[in-house]
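Only one structure is covered here, and it is reproduced in the block below.
The values are calculated or read from the model by the stated rules, or taken from the named source; none is laboratory data. Please read these numbers as outputs of a predicted model, since none were measured by experiment. Here the Cβ positions follow ideal geometry from the backbone for every residue, glycine too, while neighbour counts run over all protein chains shown.
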Amino acid sequence: METYIFILFATLAVAAAVGMITSRDTVNSALFLVLNLISVAGIFLLLKAQFLAVVQVLVYGGAIMVLFLFVIMLLNLSDEEQMLSKFSVRYAVGFFLGVIVLSQLLYAIASVTGTLPQIHPEMERIGTVETIGDALFTVYMLPVLVTAILLTAAVVGALLLAQRNIRGKVDK
Amino acid sequence: MEMDWYLGLSAVLFTIGVIGVLTRKNAIVIFMCAELMLNSVNLTLVSFSAQLGDVHGQILVFFALCVAAAEAAVGLAIIIAIYRNNLTVDVTKINLLRW
């Protein structure tokens, strides 16, 4: 049963990723990415990482993708026809380099295949909110606070970068 | 279910992200491919964490999610600023720092 669910989610994730890089419309790409992220969240659930599956749907599939869709809407990109039209050296080289990366990764995985164990039996307890929250707010207290500073800096930096007149000039 | 299937799926997703970054010209799609690669690395971390029964891999994924959120906000602001200056997000036409 678990194998079939994995195959379902894996096929969905790979198909959505391929659809993302081949679709001509940017909005379609963003929606394919949402589908991909949600199927990866399903795979997290198969790995019994419940907290991260929920966080993946909330943060990635919700917040970040809404931000992407807002930017796509804001820029109102209409000249999309030249983005993926004709075959050129660029696609050949990109595809070739991608195949090299994939073969290296699969070679590294194939050297350890068969020796990796199953899902750890402790995982039912480890993936929950209690365990992760316990680790986050005791051992990792300082990194959590630094993350707060990082997010604040990112928001301030994004506002500063995206405002209309950076040098304080009045644009006519 | 063996762990190497999860690792293989993660490798395939990462490769699709690499191909997308190398072939697409739209800056927003390139950015989404970068998010795809980050996410596939998260899948690797979670699968190793599940295999070892260790909570630290999941905590690293949590911080990677925070950094990805910050990176998305700043990167999209940069794309908006580039669009204001050049009226395009085609990365082959943005050549101010290119010789």
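Of all the numbered requirements in (1) in contact with a Leu (Cβ under 8 Å, 6 or more places away or on another chain); (2) hydrophobic (A, V, I, L, M, F, W, C); (3) closer than 24 Å to A:G98 by Cα, B:V21 misses one, and that requirement is (1).
Regarding A:S39, is this residue buried (at least 17 other Cβ atoms within 10 Å of the Cβ) and over 18 Å from B:T44 (Cβ atoms)? The answer is no for A:S39. Scanning segment A:37-50 for residues that are more than 7 Å from chain B (Cβ to nearest Cβ) and without any contact (Cβ under 8 Å) to a residue 40 or more places away in the chain, we see that the one that is nearest to A:T11 (Cα to Cα) is A:S39. Just one of (1) surrounded by fewer than 22 Cβ atoms within 10 Å (Cβ to Cβ); (2) over 23 Å from A:L97 (Cα atoms); (3) modelled with pLDDT of 90 or more fails for B:T44. It is (2). Residues in segment A:62-72 that are crowded, with 19+ Cβ neighbours inside 10 Å and more than 7 Å from every other protein chain (Cβ to nearest Cβ): 1 in all. Does segment B:11-24 contain any residue that is buried (at least 19 other Cβ atoms within 10 Å of the Cβ) and of a type in the set (S, T, N, Q)? Yes, segment B:11-24 contains at least one residue that is buried (at least 19 other Cβ atoms within 10 Å of the Cβ) and of a type in the set (S, T, N, Q).
B:G57 falls short on exactly one of the conditions (1) surrounded by 23 or more Cβ atoms within 10 Å (Cβ to Cβ); (2) without any contact (Cβ under 8 Å) to a residue 40 or more places away in the chain; (3) over 18 Å from A:V34 (Cβ atoms), and that condition is (1).
Determine whether A:L77 is farther than 30 Å from B:T92 by Cβ and part of a loop (DSSP other than H, G, I, E, B). It is false that A:L77 is farther than 30 Å from B:T92 by Cβ and part of a loop (DSSP other than H, G, I, E, B). Applying the condition of being buried (at least 16 other Cβ atoms within 10 Å of the Cβ) and more than 9 Å from chain B (Cβ to nearest Cβ) to segment A:1-21 and asking which residue is nearest to the chain's Cα centre (by Cα) yields A:A16. Looking across segment B:83-98, just one residue is crowded, with 18+ Cβ neighbours inside 10 Å and touching a residue at least 24 places away in the same chain (Cβ under 8 Å), and that is B:V89. The set of residues in segment B:36-48 being of a type outside the set (A, V, I, L, M, F, W, C) and either touching a residue at least 60 places away in the same chain (Cβ under 8 Å) or within 7 Å of chain A (Cβ to nearest Cβ) (or both) consists of B:N39, B:S47.
Of all the numbered requirements in (1) modelled with pLDDT of 85 or more; (2) more than 30 Å from B:C66 (Cα to Cα), A:G62 misses one, and that requirement is (2). A count restricted to segment A:22-33 and to residues that are surrounded by fewer than 20 Cβ atoms within 10 Å (Cβ to Cβ) and of a type outside the set (D, E) stands at 6.
If you scan segment A:120-149, which residues turn out to be modelled with pLDDT of 90 or more, of a type in the set (S, T, N, Q) and surrounded by 12 or more Cβ atoms within 10 Å (Cβ to Cβ)? Passing the criteria: only A:T147.
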